[in-house]
């Protein structure tokens, strides 16, 4: 009788300990679930679209710089620039839009002597300091229109090469788009150099 009582007591104690352990771990574990494979793929594609569109915008800025320095080339460059602008739009579509930029905080009034928020005002303004670096200064455009066209063709080739390298890690549909844009860039480079000689 005594042995049965001890066994029952030990069994009950073990069951109670297991229940207590289970109760401690499951409700208290508030870690978020890891992202699913579909979520990871969507994020990767969104980042890829953002980078590819930014590459295209850099080329578009180069076209604008050349057109500004050499307005006489507008007839030749306008159709190519329009094509590049369409590519930038297509490359950026379909991805998750980037998070909106934080709204600028109103400047603190230095005359507010009694307000407790005035000393904390310089803190939020410090993240706005990197804004001057966002628009990258374009390289100077050569004074000779022929040299400017040669450099623009080189920029087209470099952009096409970047898109070609990117498509290796892109999802199939987006890889086809990148391949098409890269092929158009190679054609643009030809038209900017050899194609204009005839």
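The values are calculated or read from the model by the stated rules, or taken from the named source; none is laboratory data. Just so it is clear, the model here is predicted, and its values are computed rather than measured. Note that we place each Cβ from the backbone using ideal geometry, even for glycine, and neighbour counts take in every protein chain shown.
Brief remarks follow.
- Residue within the stretch 191-198 that is surrounded by 19 or more Cβ atoms within 10 Å (Cβ to Cβ), at pLDDT below 95 and assigned to a loop (DSSP other than H, G, I, E, B) present: no
- Where helices (runs of 4 or more DSSP H) fall wholly inside the stretch 1-102, the ranges with 2 or more residues that are closer than 30 Å to residue 177 by Cβ and at pLDDT 85 or above are 37-69, 74-92.
- Per this entry, residue 183 is not counted among residues that are touching a helix residue (DSSP H, G or I) at 6+ places or on another chain (Cβ under 7 Å), part of a helix (DSSP H, G or I), closer than 19 Å to residue 51 by Cα and in contact (Cβ under 8 Å) with a residue 12 or more places away in the chain.
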